[in-house]
1. What's the local net charge at SER2, with K and R +1, D and E -1, over the other residues with C-beta under 15 Å away?
2. Using alpha carbon coordinates only, what is the Rg to Rh ratio of the chain, with Rh defined as the Kirkwood radius?
3. Using alpha-carbon pairs under 8 Å, 6+ residues apart, how would you state the relative contact order of the chain in percent?
4. List every residue whose amide H lies under 5 Å from the amide H of THR72, counting only residues 5 or more places away in sequence or on a different chain, with H placed 1.01 Å from N in the peptide plane.
5. With every protein chain present, what is the per residue accessible area of the chain (1.4 Å probe, Å²)?
6. For the range 58-67, take each phi angle, set θ = phi - 60°, evaluate the Karplus expression 6.51 cos²θ - 1.76 cosθ + 1.60, and give the result in whole Hz per residue in order, putting x for glycine and proline.
7. Starting at the first residue of the range 24-35, write each ³J(HN,Hα) from the Karplus equation 6.51 cos²θ - 1.76 cosθ + 1.60 with θ = phi - 60°, in whole Hz, x for Gly and Pro.
Amino acid sequence: MSNPAVVTAVWDEIERVLGRPPSARPAALDLHLQDDLGLDSVMVIELKCRLELRYPALRELPLSDVLSGAATFGQLADRVERLAGLPVS
């Protein structure tokens, strides 16, 4: 499971991309990025750009590397944690 700070950061950025007001992070990490949260391809690109601001190590990686195998919110948080070089909790 991802570091709680990373989970919160990813959720914050998803909410910004979706134009939602800040809220508590979701209880379910298995929310599908497209089906449950409604992210489209343009929003996914915007999300990566926002995550790059928080985690500069992601700037060097193509979008496909960041999202590979990350269909759900929890999987994305795990990928961000690993790819950003953060200690895995």
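The values are calculated or read from the model by the stated rules, or taken from the named source; none is laboratory data. All values reported here derive from a predicted model rather than from experimental measurement. In this analysis, Cβ positions are derived from the backbone assuming ideal geometry, glycine residues included, and neighbour counts consider all displayed protein chains. The area values use the complete protein model at the heavy-atom level, side chains included, leaving out ligands, DNA and RNA. Shrake-Rupley method; radii C 1.70, N 1.55, O 1.52, S 1.80 Å.
1. -1
2. Answer for the chain: 0.91.
3. 40
4. Residues meeting the amide H criterion: LEU33.
5. The answer is 55 Å² per residue.
6. With coefficients 6.51, -1.76 and 1.60, one gets 6, 4, 7, 9, x, 3, 4, 5, 5, 8 Hz.
7. So the J values, rounded to whole Hz, are 5, 5, x, 5, 9, 7, 8, 5, 6, 4, 8, 5.
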